[in-house]
Amino acid sequence: FVQKSRYKLSGLKSLARGLKNDLAAVTNAIKWSWNNGPVEGHVNRIKNIKRQMYGRASFELLRKKVILSQTG
């Protein structure tokens, strides 16, 4: 017999619905070993440099700082 729960579990239902709607992406994430982690790391580095320089300098100086930074 099935007992009804007083908890709706809406978050779990939403997660399951999202996984089902994007099944191809979930399957590929499990199947393939590569990802976009390195690219995201570079984007994060550039955004941090941009935040540090906000309102202080021109685009050319920002460009030079990004090119010369060798963290990563």
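The values are calculated or read from the model by the stated rules, or taken from the named source; none is laboratory data. Because the structure is a prediction, the values reported are computed rather than measured. Virtual Cβ from ideal backbone geometry, glycine too; neighbours counted across all protein chains shown. Just so you know, the surface numbers come from the protein's heavy atoms only, side chains and all, with ligands and any DNA or RNA stripped out. Shrake-Rupley method; radii C 1.70, N 1.55, O 1.52, S 1.80 Å.
Things worth noting here:
- Residues in region 32-46 that are open to solvent by less than 70 Å² (accessible area, probe 1.4 Å) and either within 10 Å of the chain's Cα centre (by Cα) or among the small types (Gly, Ala, Ser) (or both): Gly37, Gly41.
- Boolean, Ala29 is surrounded by 10 or more Cβ atoms within 10 Å (Cβ to Cβ) and not in a helix (DSSP H, G or I): no
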